[in-house]
Amino acid sequence: MKNNILLHPIISPVGSRLIIAIVLSVCLIILSGCQALTQKDDGVIRLTLWQGINPPANRDVFQKLVDKFNQTHSDIQVESIFAGGLEQQMPKILAAVVGNVPPDILSFYPQVTGQLVELDAIRPLEDWLETSPLKSRISPNSLEALTLNGHLWSIPLCTSNIGIFYRPRLFQAAGITQTPRTWEELREVAQKLTIDKNGDHKPEQYGILLPLGKSEWTVFTWLPFLWSAGGEIITDNQPNLTTEAAVRALQLWQDLIKDGSAKLSAPDRGYEEDDFIAGRVAMQITGPWTYIMKSNVDYQVFPMPANVEQATAIGDGNMFVMKTTPAREQAALKFLEFVLSEEFQTEWSIGTGFLPVNIKSAQSEAFQQFINQKPVLKTFLEQMPVARGRPIIAGYNALSDSLGRAIEATLLGESPAKALKTAQERLDLIWHIDTLRAQATEIIHSTSEFALSGFHQPE
């Protein structure tokens, strides 16, 4: 069982340094298995790319595209290495940066951006993209969500968003002819779809599945409801969870539980589709990457229901260029050009179900034929103009964890206002400590520069 951080809000500086040292030491040993072989002196730049692409079928699609790049670039060869799942990758990434042995290219989720920027580990990309003809072919909101402090720090490997999958057969059996467009309609439809045959208050069929747990998946699927209510989680670069919109969005989820029409997932397993496929729930919040689309059950999808405005969350993967040497960075940018190309985006999207970020790819005959075979994808394409990315600030992980705890507490019976207040208080403490740490680091850095300047007095 994991320790509850609320019981240990502050670890002593010595203890934290010891823990970090142990973790980084272990990870540096592990890194030997993630690094490319010693570079050969044959004029070929061999790049290492770390990725955590899942499921394996999607990884195979990516590898075929990497092979295609290597076949057409005799002077650059990319080695794609599966570095484990997202949770497994982060310690390796931090250890690689600290140990000065980073990969050349990193495929990771964009919410790690702020942390990598603070570590001075990644190269800004706006200077490269501004001079590239590819910029006009990339969906603008895909790039806006990746900008921090005026700089573009990564490019999208792919994009998508979330909607609500449903079982048409179950809708028909319940006499429902229209999919819900508002929160109120969602609640009504969920009640109609809930079936308790013997009255034991344990329905054989629930209206909708809601994700229990404090994981990123829970936060990811709840944020569209917050945005739809007109809310934000960051105000003036500070976390702000105790808003009226946040309370309303949490209240909706709690109302679905109180109505008896929502089934809670297993803890931190809200992405699993077993209940949907088995007919134990009639609706599930997820995206086109879901196994549902590869199953044999009947399914359709409708846009996220609206409150004040329409909103959904972007689900994407990104490519970062790590700081190495100018020659290696330029070679990495060549691979990024390939990733953004119509050829790559079309083949990747058809092979995985993600949406292309290249506009020409989305308009291509091959992709149009694909979405005609998978018409549910049109819903996700139509939602892209209202799709939003999660914050990429340095403290996002702490913010997400605190917000996830508030969502979980609400689903288990806590009042939304109280759950959010507790989360905000916890987050304020963490934010304050992080601010002090950043200020201390800056002072140490400035002092070191001043001290070193004494050794370079003018003659």
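The values are calculated or read from the model by the stated rules, or taken from the named source; none is laboratory data. Keep in mind the model is a prediction, meaning the values are calculated, not measured. Note that each Cβ is placed from the backbone with ideal geometry, even for glycine, and that neighbours are counted across all protein chains shown.
Structure above, values below:
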item: Output for the stretch 291-305, where each listed residue is part of a helix (DSSP H, G or I) and of a type in the set (Val, Ile, Thr); result: Ile292
item: The one condition in (1) surrounded by fewer than 21 Cβ atoms within 10 Å (Cβ to Cβ); (2) out of contact with any helix residue (DSSP H, G or I) (no Cβ under 8 Å at 6 or more places or on another chain); (3) among the aromatic types (Phe, Trp, Tyr) that Tyr166 fails to fulfil; result: (1)
item: Residue in the stretch 280-295 that is farther than 16 Å from Val386 by Cβ, among the basic types (Lys, Arg) and modelled with pLDDT under 95 present; result: yes
item: Candidates Pro239, Pro180 - the one that is more than 21 Å from the chain's Cα centre (by Cα), in contact (Cβ under 8 Å) with a residue 40 or more places away in the chain and surrounded by 17 or more Cβ atoms within 10 Å (Cβ to Cβ); result: Pro180
item: Selected residue [out of contact with any strand residue (DSSP E or B) (no Cβ under 9 Å at 6 or more places or on another chain) and part of a helix (DSSP H, G or I)] from Leu256, Leu252; result: Leu252
item: First in the stretch 82-95 and among the charged types (D, E, K, R), second anywhere and at pLDDT 85 or above, Cβ under 6 Å, 6 or more apart; result: Lys92/Ala83
item: Residue list for the stretch 66-116, restricted to those being over 16 Å from Gly52 (Cβ atoms), outside any loop (DSSP other than H, G, I, E, B) and among the acidic types (Asp, Glu); result: Asp67
item: Filtered residues of the stretch 275-290 (kept if farther than 22 Å from Ser349 by Cβ and assigned to a loop (DSSP other than H, G, I, E, B)); result: Gly279, Arg280
item: Lone unmet requirement of (1) part of a loop (DSSP other than H, G, I, E, B); (2) in contact (Cβ under 8 Å) with a residue 24 or more places away in the chain; (3) within 30 Å of Asn58 (Cα to Cα); (4) among the charged types (D, E, K, R) for Glu309; result: (3)
item: Within the stretch 339-416, helices (runs of 4 or more DSSP H) holding 2 or more residues that are buried (at least 20 other Cβ atoms within 10 Å of the Cβ); result: 342-352, 359-363, 377-383, 396-411
item: Verdict on Pro224 being crowded, with 24+ Cβ neighbours inside 10 Å, over 24 Å from Ala278 (Cα atoms) and modelled with pLDDT of 95 or more; result: yes
item: Residue match in the stretch 314-322 (condition: of a type in the set (A, V, I, L, M), outside any helix (DSSP H, G or I) and at pLDDT below 95); result: yes
item: Members of the stretch 55-81 that are crowded, with 16+ Cβ neighbours inside 10 Å and among the small types (Gly, Ala, Ser); result: Ser80
item: Residues that are touching a residue at least 40 places away in the same chain (Cβ under 8 Å) and of a type in the set (D, E, K, R), drawn from the stretch 242-292; result: Arg248, Asp255, Asp259, Lys263, Asp268, Arg269, Asp275, Arg280
item: Qualifying residue in the stretch 120-128 (condition: exposed (fewer than 13 other Cβ atoms within 10 Å of the Cβ), under 27 Å from the mean Cα position of the chain (by Cα), assigned to a loop (DSSP other than H, G, I, E, B) and not aromatic (Phe, Trp, Tyr)); result: yes
